[in-house]
Amino acid sequence: MSLKTPLFDCHVAAGGKMVDFAGYQLPIHYGSLVNEHKAVRQTAGVFDVSHMTIVDVTGVNAEAWLRYLFTNDVKKLSHGQALYSCMCRENGGVLDDLIVYQIGDNSYRVIVNAATREKDLEWFAEQKWEFTSVKVMDDLALVAVQGPQAVELASEVLEEFGVSGETTRALKRFSAWQHRDWFVARTGYTGEDGLEIALPKDSAETFWERLLQRGVSPAGLGARDTLRLEAGMSLYGNDLDEQHSPVESGIAWTVDVSDSNRDFIGRTVLEAQKRSGGRFVQVGLTLESRGVLRQGQVVEVDGESVGVITSGTFSPTLQKTIALARVNGPIESGCDVLIRDKPQAARVISVPFLTRD
């Protein structure tokens, strides 16, 4: 039986086509994935991301423990700042990718993927240090308001709930602030400016309705995927997994080895890969002809398999098919992708596929 987020009834009322995703009933779209995608690129859209898990880590050993758990170094954070990181096994395989925020002295908020919730919580328990508290914040809902007008429109609605719009508007990218049970971060997963907002569950429906009344479009999982792929952002289970490291998956920058005294899980393997390379590299691809690139399609060079597409779609913004592929080395010239067992000419293009100021 799939779980329901606090916004389930809002999705149904808005005409959302509900599907099971990571054990939750969530909308894949509200009638038009393309219209939802364009709303986020042009004005503002709102996503229900309450299926993701919010974990608060506190205690005198909190910083040291997270420096050991994560590939990126939380010591770089100051109060209110955010950091994207991976959490890896000793062999460098990615357990999860996540965002960590410093919310106070010896106090951090970590948001992990829904599909990896149980695995992550078990890993936290296995690795847990003395004088460190780990609390799952299941009393909160989580929404993402994204797009060029997202910060302004969301700030206006936040003011109705007693949360300072002025403070929210002043947030810098990858920073956050907290007002009682409300947590507002200038982060997102679309390549656009915007906010991710954790709020009390009993306020979620009203907050969602107020956003829609101000012209913010509800957006589903389909648009979230096309938006994040245009921005070159990884999806756990597609582009990231336990069989491949961050270095092999296009996000080597999340592995910080600058502090030679910091021991973190997987460091030996990951430091060597950053120095000499891993078994694979990530490339961006597009087709030379019509067609759509999809996860699982084989990439060939001169008739020999060199890798596989991890994420692919038709880009509503760029009006062409785009894909991330994991291949066994740089592709110097052209390549082919097997579509229905037939090779189709493709070429390497830069990632991210779409950039914003």
Could you grab me the full set of residues in the stretch 151-185 that are under 16 Å from the mean Cα position of the chain (by Cα) and crowded, with 22+ Cβ neighbours inside 10 Å? ALA185
Where ALA141 falls short, out of the listed (1) part of a loop (DSSP other than H, G, I, E, B); (2) surrounded by 19 or more Cβ atoms within 10 Å (Cβ to Cβ): (1)
Any residue that is assigned to a helix (DSSP H, G or I) and either of a type outside the set (D, E, K, R) or in the same structural domain as LEU153 (by TED's automatic domain parsing) (or both) - is there at least one of those in the stretch 234-247? yes
Mind checking which pairs have a first residue in the stretch 87-98 that is farther than 12 Å from ILE251 by Cβ and in the same structural domain as GLN273 (by TED's automatic domain parsing) and a second that is outside any loop (DSSP other than H, G, I, E, B) and acidic (Asp, Glu), Cβ under 6 Å, 6 or more apart or different chains? MET87/ASP96; ASP96/ASP120
Leading residue by the ranking (nearest to the chain's Cα centre (by Cα)) among those in the stretch 277-302 that are more than 18 Å from GLY93 (Cβ to Cβ) and loosely packed, with under 14 Cβ neighbours inside 10 Å: GLY296
Conditions (1) more than 19 Å from ILE349 (Cβ to Cβ); (2) free of Cβ contacts under 8 Å to residues at least 40 places away in the same chain; (3) among the basic types (Lys, Arg) -> ARG228 fails only (1)
Scanning the stretch 303-320 for residues that are of a type in the set (Val, Ile, Thr) and either in contact (Cβ under 8 Å) with a residue 40 or more places away in the chain or crowded, with 21+ Cβ neighbours inside 10 Å (or both) gives ILE309, THR310, THR313, THR317
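The values are calculated or read from the model by the stated rules, or taken from the named source; none is laboratory data. Note that the coordinates shown come from a computational prediction; the quantities given were computed from them, not determined experimentally. Counting neighbours? That spans all protein chains shown, and the Cβs are built from the backbone with ideal geometry, glycine included.
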